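Since the structure comes first, as structure tokens, the remarks are kept for the end.
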Amino acid sequence: MYKLMIVEDDPGIAEAIAMQARMWQLETHITENFREVLAEYTAFAPHIVLLDISLPFYNGYHWCTEIRKLSKVPIIFISSAADNMNIVMAMNMGADDFIAKPFDQSVLIAKIQALLRRTYDFAASAPVLGHRGAFLNTGDNTLLFQGETVSLTKNEYKILLCLLENKGRVVSREKLMERLWKTEEFIDENTLTVNINRLRKKLDAVGLTDFIRTRFGIGYIVE
């Protein structure tokens, strides 16, 4: 399920968007504290953001700039201030699209879905496994998180694939070793540990801390 963050201070508009988005299987979060938009963004880790220009305390341009310091997540501005100057400024700040209020809800949802497809390359022929906002694309062996692509080695990809296929269940070290090295030749268990540690460092580097947890004496789990 993809996650939509709505940064809109009109409760009626925000809830109407959220209701429509949920009908299309989008998980939503409506901003509650307009002093702490970035903190809410970080906690929710959305795949796409709807952002009004006129907001309490700091305007949408400010928050767009702050989000862009952290992520390439798609951002759509929604505003009644739809003159050319505001549209150009929004795009220069890093927005991906601009929709003028009032807008048709079906058009908004269509733009959100199109932007998600373009950003995350969710091709129907390439199954995607996801957890905590990160998606493993089995079509090109990449991990996508908040618009960033994480390069994986062949073994790192196989480890994540196996763990995500068994999400919520512990995968034994033996099963992982069999998945990685389908051979009768003896493989030192330390080789698996090295691969797991390298993968964890890559995940930590993009903010996916404790993505893979150890069950000592048993194996590993994504939960």
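Filtered by the rule that a residue be surrounded by 16 or more Cβ atoms within 10 Å (Cβ to Cβ), out of contact with any Asp or Glu (no Cβ under 7 Å at 6 or more places or on another chain) and not in a helix (DSSP H, G or I), segment 36-58 gives A45, P46, H47, I48, V49, L51, I53.
Mind checking whether some residue in segment 11-30 is assigned to a helix (DSSP H, G or I), of a type in the set (S, T, N, Q) and exposed (fewer than 14 other Cβ atoms within 10 Å of the Cβ)? Scanning segment 11-30, I find no residue that is assigned to a helix (DSSP H, G or I), of a type in the set (S, T, N, Q) and exposed (fewer than 14 other Cβ atoms within 10 Å of the Cβ), so the answer is no.
Yes/no matrix, rows are residues, columns are (1) within 26 Å of V194 (Cα to Cα); (2) part of a helix (DSSP H, G or I); (3) modelled with pLDDT of 85 or more:
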| residue | (1), (2), (3) |
| --- | --- |
| L115 | no, yes, yes |
| A123 | no, no, no |
| A126 | no, no, no |
| G130 | yes, no, no |
| D140 | yes, no, no |
| L143 | yes, no, no |
| Y157 | yes, yes, yes |
| C162 | yes, yes, yes |
| R169 | yes, no, yes |
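Filtering segment 70-85 to residues that are outside any loop (DSSP other than H, G, I, E, B) and out of contact with any helix residue (DSSP H, G or I) (no Cβ under 9 Å at 6 or more places or on another chain) leaves N84, M85. Against the condition modelled with pLDDT of 90 or more and assigned by TED's automatic domain parsing to the domain that holds V150, how does L203 come out, does it pass? Considered against the rule, which asks whether it is modelled with pLDDT of 90 or more and assigned by TED's automatic domain parsing to the domain that holds V150, L203 comes out as yes. Is segment 16-23 home to any residue that is outside the structural domain of R132 (by TED's automatic domain parsing), farther than 22 Å from G133 by Cα and out of contact with any Pro (no Cβ under 8 Å at 6 or more places or on another chain)? The answer is yes; a qualifying residue exists. Quick check on A90: is it out of contact with any helix residue (DSSP H, G or I) (no Cβ under 8 Å at 6 or more places or on another chain), part of a helix (DSSP H, G or I), touching a residue at least 12 places away in the same chain (Cβ under 8 Å) and over 23 Å from F135 (Cβ atoms)? Here the answer is no, as A90 does not meet what is asked. Of all the residues in segment 60-72, those that are surrounded by 16 or more Cβ atoms within 10 Å (Cβ to Cβ) and within 16 Å of F98 (Cβ to Cβ) number 5.
The values are calculated or read from the model by the stated rules, or taken from the named source; none is laboratory data. What you see is a predicted model; the values in this text were computed from it and never measured. Every residue, glycine among them, receives a Cβ derived from its backbone with ideal geometry; neighbour counts consider all protein chains shown.
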